[in-house]
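Asks: Structure provided below as structure tokens; questions to follow.
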């Protein structure tokens, strides 16, 4: 009996260490859905980039984007920018959700979104606008 | 003797098993940052090896040769 318990303990230890290894492993971001969302965002970025640079659009604190100041934009472009922003935010929300679900933890969605929020801002070019504690800041 | 060891061992095992579950549901912050960086680099085309779009990215204002 003692021997059996010892063996079982060893098995549990191995299980524990394999779980630790899993926790440290990478998140899978190569699912077909994620690739499709990425491609869509990549294509849209060429349209968004000039608006980031002009300050018409800024990065929000929660990993999305928002229309910030369209006064410099011609009237005819103002409707288009709303559509662009809405489409981009749709993709971003889908991306966060899909990364969480694709890795078997839908409840990680909020954490993933928060992680992205910080990284988008860190990687933004200088001159772009981002939200910090609710206020717009120029990087 | 055996009767004394058994409940304690079982309690220990339950404790270890619950620890496993706890570890497994922790959010892997470092892995998430890595994944975010990878995706952002691709979407914003910040690294080489990504197919360049027809429009030049805003961070690389390559001067057009005047003709």
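Asks: To the nearest 0.05, how large is the calculated FRET efficiency for residue A:78 and residue A:26 if R₀ is 35 Å and r is the Cβ-Cβ distance?
Replies: 0.25
Asks: According to a simple spin-label model (label point 7 Å from Cα along Cα-to-Cβ), what is the distance in nm between residue A:66 and residue B:26?
Replies: Label-label distance for residue B:26 and residue A:66, simple model: 3.4 nm.
Asks: I want to check the label-to-label distance for residue A:109 and residue A:86. Put each point 7 Å from Cα in the C-beta direction and report it in nm to one decimal.
Replies: Going from the residue A:109 label point to the residue A:86 one covers 2.1 nm.
Asks: Quick one: work out the % antiparallel among DSSP beta bridges in region A:27-138, nearest 5.
Replies: Bridges in region A:27-138 are about 80 percent antiparallel.
Asks: Using the 10 angstrom Cβ neighbour count as an exposure proxy, how do B:27, A:4, A:116 rank, fewest first?
Replies: A:4, B:27, A:116
Asks: Using the count of nearby Cβ atoms within 10 Å as a rough guide to exposure, how do A:107, A:98, B:33 rank from fewest to most?
Replies: Going from sparsest to densest Cβ surroundings: A:107, B:33, A:98.
Asks: How many nm is it between the label spots at residue B:47 and residue B:6, if each spot is 7 Å from the Cα in line with the beta carbon?
Replies: Distance between the two pseudo-spin positions: 5.7 nm.
Asks: Fewest to most neighbouring Cβ within 10 Å: what's the order for A:60, A:46, A:83, A:115?
Replies: Lowest count first: A:83, A:46, A:60, A:115.
Asks: If you find the alpha carbon centre of region A:112-139 and of region A:37-70, how far apart are they in angstrom?
Replies: What the calculation gives is 11 Å, centre to centre.
Asks: Can you give the calculated 222 nm mean residue ellipticity of chain A, where each DSSP H run of n ≥ 4 adds -39,500 (n - 2.57) and the sum is split over every residue, rounded to the nearest 500 deg cm²/dmol?
Replies: The helix-only estimate for chain A comes to -22500 deg cm²/dmol at 222 nm.
Taken together, the values in this text are just the output of simple stated rules run on the coordinates, not laboratory data. None of these values were measured; they are calculated from a predicted model. As a convention, Cβ positions derive from the backbone with ideal geometry for all residues, glycine included, and neighbour counts pool all protein chains shown.
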